[in-house]
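Comments concern the structure below.
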Amino acid sequence: METSTGSVLLWGLLLVVAGAFFSIYGLVLFRYVLSMIGFVIGFSIGMQLASGMEEFLQIVVAIVLGGIGAAILFFMFRVGLWIAGAIFGLVLALIITSFLSLDAGALRIVGIAIGLVLGAFFGRVLGDLIIVLATSTMGAYTIVYGLALIFPQQMGAATIELAAIPVSWFTLALLGSFVAVSALAQLQIMRLRDRLTRR
């Protein structure tokens, strides 16, 4: 990814903060988390598309596309379970394609498309559980990707492809740990909410 150091650090910091927000508030503030996920996706695409521009223009383009992504997902809240399923499928596809070292070519695009479709299909069936799975995995993936941008050497990242985390057992363990902590915390919140609803 060809971009300036300042932009990369800003992008990485944004991803870490956003990932923590997804992981903590995924179930409780799902509509706003959806909006932030849209912003992160749009911002990431903008950073990549504007990688040849000056740093200021690159950030402006990324923010504009991030805002568009945020608005789209915010107003699609009514089909939130399908979107959550698609997000979960997207993250699983990104993890698999990253660890299979697939480049940003046709195979990776096909894998991501399959993940989106299958995830959306099963999203409605799983109900609130898909929200927990989607936000915890998206949060963990976003944090690890952000850390790889901020600390590339420590995370074993020689180069960073768009939305691809570095391939190592360390990053996989880190990812799994973040997912587990986030999912368990959100499941506890879901159980507590169900108990209060029954009373």
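For the reader, a short list of remarks on this structure follows.
- Matching residues in the stretch 44-57 - criterion: being more than 29 Å from L187 (Cβ to Cβ) and part of a helix (DSSP H, G or I): I45, G46, M47, Q48, L49, E55, F56, L57
- Sole residue being among the polar types (S, T, N, Q), at pLDDT 85 or above, out of contact with any His (no Cβ under 8 Å at 6 or more places or on another chain) and farther than 25 Å from R191 by Cβ, chosen from T142, T159, T135: T142
- Some residue of the stretch 88-102 being of a type in the set (G, A, S), more than 25 Å from L172 (Cα to Cα) and touching a helix residue (DSSP H, G or I) at 6+ places or on another chain (Cβ under 8 Å): no
- The stretch 25-40, residues that are assigned to a helix (DSSP H, G or I) and surrounded by fewer than 19 Cβ atoms within 10 Å (Cβ to Cβ): Y25, R31, Y32
- In a residue-by-residue description of the stretch 110-118, the property of being touching a Phe, Trp or Tyr at 6+ places or on another chain (Cβ under 7 Å), in a helix (DSSP H, G or I), touching a residue at least 12 places away in the same chain (Cβ under 8 Å) and surrounded by fewer than 22 Cβ atoms within 10 Å (Cβ to Cβ) applies to no position.
The values are calculated or read from the model by the stated rules, or taken from the named source; none is laboratory data. None of the values given here were measured: they were computed from a predicted structure. Neighbour counts are summed over all protein chains in view; Cβ atoms, including those assigned to glycine, are modelled from backbone coordinates with ideal geometry.
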